[in-house]
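Here's a structure for you.
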Amino acid sequence: MLVNSIKKGLLVGLKTTWTLGKVIFPVTLIVAVLQYTPVLPWVMKMISPIMELIGLPGDAAIPLVLGNFLNLYAGIGAILTLDFSVKEVFILAVMLSFSHNLFIESSVAMKAGVKLWVVLVTRPGLALLSAIVINLVWHGGGEKAKYGLIQSSSVQPEGVAGIIVEAVQKAGLGIFQLAIIVIPLMVVIQILKDLHWLNKFSKTMTPVTKTLGMKENTSTTMAAGLLFGLAYGAGVMIQAVKEDGVSQKDITLAFIFLMACHAVVEDTLIFVPLGIPVLPLFLIRLGVAIVLTLVVGMIWKRSGMVKRKDATYEQQNHDNSL
């Protein structure tokens with residue numbers, strides 16, 4: 001049985017890598033090239049006026065744009081090249097935690113069945129709202145941020161050919177990193193499924209998922225997103241939606257939670273070298289995810305009850321007219 005599980009897991013992993021690679025490769029390639037064109041500077045110029053509203057200097061648009069166009073590493077690399085206060089770095093960290101790698105992770109969410117407008121409203125919306133609140137509430141953190149451990153690189157490619165080669169390398173490396181994570185992950189998940197361990201895990205998670213307004217079959221999706229993130233956990237999540245019969249409502253609620261709080265280990269620890277308090281960062285993400293999911297679930301439930309009542313009322317009127 002173990003051999004069959006490994007074979008099936010490898011096949012699923014390869015198919016998932018191919019599915020996601022068709023999205024990740026071109027997106028990474030295009031964005032990597034755009035870094036050396038007037039497009040990103042234009043976007044930064046457009047965003048700069050908003051920076052004052054959230055207590056950030058104009059050049060803070062650089063890590064925000066790079067983080068959303070590329071990934072957290074690109075955003076952090078940009079932060080390392082600029083002088084910010086601890087408060088400013090913390091605001092940037094919270095914003096990038098909610099909204100990063102936007103193109104690829106939005107595509108992943110759509111592959112799983114989540115509407116694009118839900119993603120665009122949730123992630124950038126949470127980033128902007130959290131920044132405004134932190135700027136208004138926190139009056140400390142005025143000291144200059146001290147960076148350590150991570151060193152930024154400013155090597156520029158030469159000419160159009162150099163830019164294209166670097167872009168292809170970044171895109172190819174992204175697919176390779178995805179493959180070495182997704183394929184073994186899918187093998188392990190397949191083994192756990194065949195051993196029926198995931199069913200036990202789902203039962204353990206039932207109180208949590210029910211509290212958040214979801215059924216127990218969303219537990220695999222939730223665990224993958226929390227541990228591995230939307231991009232790397234996408235294989236498990238997409239497969240879970242297909243095999244576990246997760247409803248449109250439940251997958252939407254799960255992704256709303258995960259869009260606010262995913263890859264909790266990596267996306268939290270990655271900010272440690274920037275000299276900011278990471279525990280509040282984690283608690284903010286987790287708290288917002290729980291509250292937002294509960295609120296949306298409650299609204300969805302009430303909306304469904306109203307629709308059912310209206311349908312019942314129309315049916316009664318129809319019967320009475322007969």
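The values are calculated or read from the model by the stated rules, or taken from the named source; none is laboratory data. Worth saying up front: this structure is predicted, and the values here are computed from it rather than measured. Because the Cβ atoms are built from the backbone with ideal geometry, glycine has one as well, and the counts that use them run over all protein chains shown. Remember, those area values only see protein heavy atoms, side chains included, never the ligands or the DNA or RNA. Shrake-Rupley method; radii C 1.70, N 1.55, O 1.52, S 1.80 Å.
Just to verify a number: FRET efficiency for Glu158 and Trp18, C-beta to C-beta distance, R0 = 35 Å, to 0.05?
The formula returns an efficiency of 0.60 here.
Let me ask another. Hey, with R₀ at 25 Å, roughly what FRET efficiency would Ile180 and Lys8 work out to, going by the Cβ-Cβ distance, to 0.05?
Rounded to the nearest 0.05, the efficiency is 0.85.
Moving on. Using only the alpha carbons of region 58-132, determine the length spanned along each of the three principal axes and report them from longest to shortest in whole angstroms.
Sorted largest first, the three principal extents are 41, 23, 16 Å.
Tyr73 to Trp197: extension gain in nm, 0.36 nm per residue of separation minus the Cα-Cα distance?
Working: separation 124, 0.36 × 124 = 44.64 nm, distance 3.44 nm.
Difference between extended and current length: 41.2 nm.
What residues qualify as long-range amide H neighbours of Leu212, i.e. H under 5 Å apart, gap of 5 or more or another chain, H built at 1.01 Å from N?
Counting only residues 5 or more places away or on other chains, the set is empty.
Could you please state how large a percent of the accessible area of region 1-75 is carbon and sulfur, counting protein chains only and using a 1.4 Å probe?
Roughly 75 percent, rounded to a whole number.
Kindly rank 248-256, 124-132 from highest to lowest mean number of other beta carbons found within 10 Å of each residue. Provide the component values of the computation, followed by the final result.
Values: 248-256: 22.4, 124-132: 18.2.
Those peptides, ordered most packed to least, come out 248-256, 124-132.
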